[in-house]
Every structure is written in structure tokens, then in C-alpha cells.
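Notes follow once the structure below has been shown.
Coordinate-derived values only; no laboratory data. Worth saying up front: this structure is predicted, and the values here are computed from it rather than measured. Note: ideal-geometry Cβ built from the backbone for every residue, glycine included; neighbour counts use all protein chains shown.
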Amino acid sequence: MKNVDVSGLRKTYRTRGRSPVTVEAVRGIDVQAESGSIVGILGPNGAGKSTTLRMLATLTRPDAGAGTVAGHDLLADPEGVRSGLGYVGQNGGADETCDTWANLVFAARLGGMSRTEAAGRAADLIETFELGPIARRPVRTLSGGQKRRVCLALGLVRRPAVLLLDEPTTGLDPQNRANLWEHIRMLRDQDTCVLLSTHYLDEADALCDRLMIIDGGAVVAEGAPSILKQSMAADVITLGTQLVGTAGAEITRLARELPGVRSVQPGADGLRVYLDDGERTLAQLIDLTRANGASISTISLDRASLDDVFLAKTGRSLRDAD
Ligand SMILES: Nc1ncnc2c1ncn2[C@@H]1O[C@H](COP(=O)(O)OP(=O)(O)O)[C@@H](O)[C@H]1O
Ligand SMILES: [Mg+2]
């Protein structure tokens, strides 16, 4: 079942003041997500991830776009959307002065549960997210990883069919990230529709069933991480060399004719070659480069990554964007 089915989302911000600026934060994005899946929105800072999630959460009104979230019309029935939704913003939503127990009970009471129901729900979530030993400490005294688990639990108090997570693991160390990933996978396996944003390539790759890669407020590529990578090639060889004049053009042309080569991108500091079997073709590539009088300063052979997809679509690397 499609739990998020929205098309044509747009949002333009206009700042006021002496020199007003117009920012087209989201320029026509379609979002579809099914129950029991994790859909990722991957993009650099300023790509429009938070704005997209905030529009789906009814926190920001879209300039254009239509569809349903958790079975309710996004524009006509925002109350209905909110009733089926959990949203955890970039900075979380816990009251830092209260403890975890109080935060969870308060959220459950706000959601319309009785005192007894609220206490039961809080106890369940504390157990699920392994928050027992720290449940009575003010949230402000918790570590980054513990706080994120509290915020995730808060987003789930009302058993939402759709969970929106804005950069859930930013700033966490690898161990805490892996722990949070496990919890997010568990929610997916219990049939929740999880839609999350991230600027981490490895997170998008490891966690998401389907990805939307966005840049400048628009989708540049979409699909399962493995399919997106395969669409580039199996391997990528990067040769550090100076490609000058006719020799440079000849190296590029000959590289394109090597077996299994899918694309060759010449740049200021060398050549990127996307191909099916890097190990087999590497020697030929080195030979033809040298034969045309170019010296090679560096060589690398890697599996094609999501960054290569981003690079091919935008001309920039997501790694540089951090
Ligand atoms: N309230 C706002 N007023 C003006 N510009 C905004 C506002 N919120 C976001 N923007 C701009 O919209 C663009 C997209 O922002 P955002 O959705 O936060 O991106 P991301 O979450 O991918 O980093 C950025 O250029 C940002 O500066
Ligand atoms: Mg953001």
C-alpha cells in the first residue's frame, strides 16, 4: 500500500528586508513510499530535504502539489495526515528539561490516550529502544545517541503508519548510527512506512530500500541503491594525469573503445572511467595513456558508488559537500 503518494511538491521562500531573496527550495518533487519500506531522500545541504519532509508533515504549506499521506489528503485534511504520522525533525522534539518517561507520557496524553494507556505505551517504547536505565534522567543529560533514540520513540508514540525522519543520525558516532539503523529496520519490518532524509552516502546505501537523490530542489535520480549504482557501471578507475591537446583527446577516445567501458569523463585533474571489469582493463588503460605521452600521478580502482551517480547527474561530488 502506498502510504505516501504526493506529486508536484513546490515551495519558494521569499525573505523580507532591504534586499529580499527568493529561494526555490523545492521545485516539483513527487514522493511515493509504501508500508514496510524505507525510502531515503539523499542530497547535500540546502537540497530541499527538510522542506520536503516538513511539507509532507503539514508543518510547511506547499505552494503546489497534491496527494495523500497516511491515507489523508495533504491539503484538505492536514489533521487527518497528522493523526497517522510521526515526525522527528532535524533537532528532535524532546523537552530537554524533562526525563524520557515524562516526555513519552506527555506525548501519549496529547495524542488522546488515557493515563493508563499512556503509561503502558511509554513503558513499551522504553523497552523497545533500550532506554530503561536512563528513563528518569533529564533528556539534556543524555548522550547524542541516547537523545536520538528518545526522539525516535517520541515520533512513534501514536503508532503512526508513516514515520518521517529528518537526518536521524547526523552527528552520531558509527556505533550509535548502526544501533539507530537497527531500530529503523525493525520499524520497517513491522510494516511502518519510513521516509528519511540523509546526506550520508553509506547510510543511504545500507539502510534504504529505495532512494530519491535530490539537488537544488529537484530529483536527479531515483531507484534502489543497487540499481542506481549498476546504472553507472560495476567499477570506476580514476587516473590522475594531465590531458592536454590532441594527445588528451586521443587518450579519452581510446579509453572509450576499451572493452566494457560505459563512460569516460575527462577532467582538469585526470580521467574517470566507468566500466564493467576494472581489474581486467586497468593495464590497457595505463598502457594507452603512457603510449600517448601522458604521465600518471595517481591510480585508483573502486566499485561504483552512489557518489558516482550524484557526480554523473550534477557534476559535483556529495563527499565535497560536507
Ligand atoms: N524558512 C526559510 N526561509 C528562507 N529560506 C529557507 C527557509 N528554509 C529553508 N530555506 C532555504 O531553502 C533551501 C532548502 O533548504 P532545506 O530544505 O532546509 O534543505 P536541506 O534540508 O536539504 O539542507 C535552502 O537554500 C535554504 O536556505
Ligand atoms: Mg535539512
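Worth pointing out:
- Estimated 222 nm signal from helices in the chain, with DSSP H stretches of n ≥ 4 weighted -39500 (n - 2.57), rounded to 500: -11000 deg cm²/dmol
- Cα point-scatterer Debye curve for segment 2-224, base-10 log of I(q)/I(0) at q = 0.14 Å⁻¹: -0.86
- Pair-distance profile P(r), taking every C-alpha pair of segment 69-145, with 5 angstrom steps and integer %: 3, 15, 19, 22, 18, 12, 7, 3, 0
- Percent antiparallel among DSSP beta bridges (both partners in segment 2-224, rounded to 5): 55 percent
- Of the peptides 41-47, 309-315, the ranking by mean beta-carbon count within 10 Å, highest at the top, reads 41-47, 309-315.
- Under the criterion of Cα pairs below 8 Å and six or more residues apart, the relative contact order for the chain equals 19 percent.
- Dipole magnitude for segment 2-224: about 840 debye, using +1 per Lys or Arg Cβ and -1 per Asp or Glu Cβ, origin at the Cα centre.
- Whole-number D in µm² s⁻¹ for segment 234-303, Kirkwood Cα-pair radius fed into Stokes-Einstein, 37 °C, 0.692 mPa s: 284 µm²/s
- For segment 157-272, convex hull of alpha carbons as volume per residue, Å³: 157 Å³
- Each part reduced to its alpha carbon centroid, segment 1-48 and segment 128-164 end up 26 Å apart.
- Here the calculated FRET efficiency for Asp277 and Arg115, from their Cβ-Cβ distance with R0 = 45 Å, stands at 0.10, rounded to the nearest 0.05.
- For Lys2, the lysines whose Cα falls under 26 Å of its own Cα, not counting residues fewer than eight places away in the same chain, are Lys11, Lys49, Lys229.
- For Asp189 and Ala206, the difference between the fully extended length at 0.36 nm per residue and the C-alpha to C-alpha distance is 4.6 nm.
- Reported to the nearest whole Å, the Cα centre-to-centre distance from segment 178-239 to segment 271-321 is 23.
- Within straight-line cross-link reach of Lys147, aspartates and glutamates at Cα separation under 18 Å, skipping those fewer than 8 residues along the same chain: Asp95, Glu96, Asp99, Asp124, Glu127, Glu130, Asp166, Glu167, Asp173, Glu182
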